[in-house]
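*Asks:* One structure is given below, represented as structure tokens, and several questions about it will come after.
The values are calculated or read from the model by the stated rules, or taken from the named source; none is laboratory data. Because the structure is predicted, anything quoted here is derived from the model rather than measured. Please note: Cβ atoms are built from the backbone with ideal geometry, for glycine as well, and neighbour counts cover all protein chains shown. Just so you know, the surface numbers come from the protein's heavy atoms only, side chains and all, with ligands and any DNA or RNA stripped out. Shrake-Rupley method; radii C 1.70, N 1.55, O 1.52, S 1.80 Å.
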Amino acid sequence: MSRTVLVTGAAGGIGGAIARRFLAEGADVVLSDRSEAACTALREQLQRPEGVAVVAADVADADSARACVRSAGEHFGGLDVLVNAAGLYPSRPLMEMSDAEWRGVLATNLDGPFALSTEFARTLAAEGRPGAVVNVTSTAGERARRGAAHYCTSKAGLTMLTKALALEFAEYRIRANAVAPGFVEVDSEVNPLGADYVRAVQAGRPWPRPGTPDDVAAAAAYLCSADAEWITGTTVTVDGGAGAGNAALPLA
Ligand SMILES: NC(=O)c1ccc[n+]([C@@H]2O[C@H](COP(=O)([O-])OP(=O)(O)OC[C@H]3O[C@@H](n4cnc5c(N)ncnc54)[C@H](O)[C@@H]3O)[C@@H](O)[C@H]2O)c1
């Protein structure tokens, strides 16, 4: 059965990989990001552009986020899956952080998924249509990182929001889960990372290769598959074992 998937942050590394993955599985995909041009450029590269639509939106603006869900639903006869992958992870020490920086990250990473998920659920519930939400959280939602208080807090909040969505949406047969990536390299203009940070974060990972956006996309696809029909309110961590312990420590 053909499904329609709305992916926010689709012009980015992880969102783009998720869009590609669902498209390869035969779904129709609505690409959403702040830049319509970036989504249209991505659409041109995809293997089945006739199964791809573009709806630009700023997820930090609740009206824009809700309008995105409504407009996305018009393209292929209704939505089945929402993936919240849009996100910001700027670095700023707490004592230098302005209110606007704090609010901007919370608005994008937490308020956005709230507006999108609730509009998505209201629409599907009114249509009597089952569905699935996947929120891209982060292992940073479990372990604080210097310079990332706004980011870590937003992802911890999104993890809890995922559980609350699962609880309240279950009676409508709408599931809500999260994928929590560890560090995966993306070529991002929006979220650039320093070389020292990248080296340090890679150092203690047990699994002997770096993670990729496709690893995250595979988990998102599983959570939306028929095999995951009894899975809701949980988080799948995709981090090469980094959360299990620090493999760079010498033997004691
Ligand atoms: N790359 C990693 O190591 C990593 C690890 C854990 C979690 N994540 C999460 O994965 C998601 C994707 O990140 P990525 O690494 O692919 O980064 P990315 O910068 O490549 O992609 C993020 C995308 O979100 C879009 N975006 C930002 N603010 C937006 C807004 N207000 N409205 C609409 N779109 C907006 C950007 O334009 C960009 O295309 C984020 O939620 C991020 O927090 C990434």
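*Asks:* Could you tell me whether residue 20 is open to solvent by 20 Å² or more (accessible area, probe 1.4 Å), modelled with pLDDT of 95 or more and farther than 23 Å from residue 141 by Cβ?
*Replies:* yes
*Asks:* Restricting to segment 61-91, name every residue that is closer than 24 Å to residue 193 by Cα and in contact with a Phe, Trp or Tyr (Cβ under 9 Å, 6 or more places away or on another chain).
*Replies:* If the condition is that a residue be closer than 24 Å to residue 193 by Cα and in contact with a Phe, Trp or Tyr (Cβ under 9 Å, 6 or more places away or on another chain), then 83, 87, 88, 89, 90, 91 are the ones that fit.
*Asks:* For segment 146-170, name all the residues that are open to solvent by 60 Å² or more (accessible area, probe 1.4 Å) and either in contact with a Pro (Cβ under 8 Å, 6 or more places away or on another chain) or modelled with pLDDT under 95 (or both).
*Replies:* Scanning segment 146-170 gives a single hit, 146.
*Asks:* Here is a follow-up. Just to verify a result, which residue in segment 33-76, among those that are out of contact with any Cys (no Cβ under 8 Å at 6 or more places or on another chain) and β-branched (Val, Ile, Thr), is farthest from residue 11 (Cα to Cα)?
*Replies:* Top of the filtered list is 69.
*Asks:* So residue 199 fits all but one of (1) of a type outside the set (A, V, I, L, M, F, W, C); (2) free of Cβ contacts under 8 Å to residues at least 40 places away in the same chain; (3) in contact with a Phe, Trp or Tyr (Cβ under 9 Å, 6 or more places away or on another chain); what number is the exception?
*Replies:* Answer for residue 199: the failing condition is (3).
*Asks:* Another question, if that's okay. If we keep just the residues of segment 206-234 that are more than 19 Å from residue 160 (Cα to Cα) and of a type in the set (S, T, N, Q), which is least open to solvent (accessible area, probe 1.4 Å)?
*Replies:* 225
*Asks:* If you go through segment 180-205, how many residues are more than 30 Å from residue 230 (Cα to Cα), open to solvent by less than 60 Å² (accessible area, probe 1.4 Å) and hydrophobic (A, V, I, L, M, F, W, C)?
*Replies:* 3
*Asks:* Give segment 140-164 a look and list any residue that's at positive phi and out of contact with any Ser or Thr (no Cβ under 7 Å at 6 or more places or on another chain), or say none.
*Replies:* Scanning segment 140-164 gives no hits.
*Asks:* Exactly one of these conditions fails for residue 8: (1) under 12 Å from residue 82 (Cα atoms); (2) open to solvent by 50 Å² or more (accessible area, probe 1.4 Å); (3) of a type in the set (S, T, N, Q). Give me its number.
*Replies:* Among (1) under 12 Å from residue 82 (Cα atoms); (2) open to solvent by 50 Å² or more (accessible area, probe 1.4 Å); (3) of a type in the set (S, T, N, Q), residue 8 violates only (2).
*Asks:* Right, next: Restricting the search to segment 112-144, which residues are open to solvent by 60 Å² or more (accessible area, probe 1.4 Å) and either farther than 30 Å from residue 230 by Cβ or in a helix (DSSP H, G or I) (or both)?
*Replies:* 114, 122, 126, 127, 144
*Asks:* Cβ contacts < 9 Å: first residue touching a residue at least 40 places away in the same chain (Cβ under 8 Å), restricted to segment 7-21; second residue more than 9 Å from the ligand (Cβ to nearest atom) and among the acidic types (Asp, Glu), any location; separation 6+ or different chain. Result?
*Replies:* Hits for this filter: 17/214; 17/215; 20/214; 21/214.
*Asks:* While we're looking at this one, here's another question. Mind listing just one residue for me: the one in segment 66-91 that is of a type outside the set (A, V, I, L, M) and free of Cβ contacts under 8 Å to residues at least 40 places away in the same chain and, of those, most open to solvent (accessible area, probe 1.4 Å)?
*Replies:* Ranking the candidates gives 74 first.
*Asks:* Could we say that residue 177 is in contact with a helix residue (DSSP H, G or I) (Cβ under 8 Å, 6 or more places away or on another chain) and either open to solvent by 10 Å² or more (accessible area, probe 1.4 Å) or under 21 Å from residue 55 (Cβ atoms) (or both) here?
*Replies:* Considered against the rule, which asks whether it is in contact with a helix residue (DSSP H, G or I) (Cβ under 8 Å, 6 or more places away or on another chain) and either open to solvent by 10 Å² or more (accessible area, probe 1.4 Å) or under 21 Å from residue 55 (Cβ atoms) (or both), residue 177 comes out as no.
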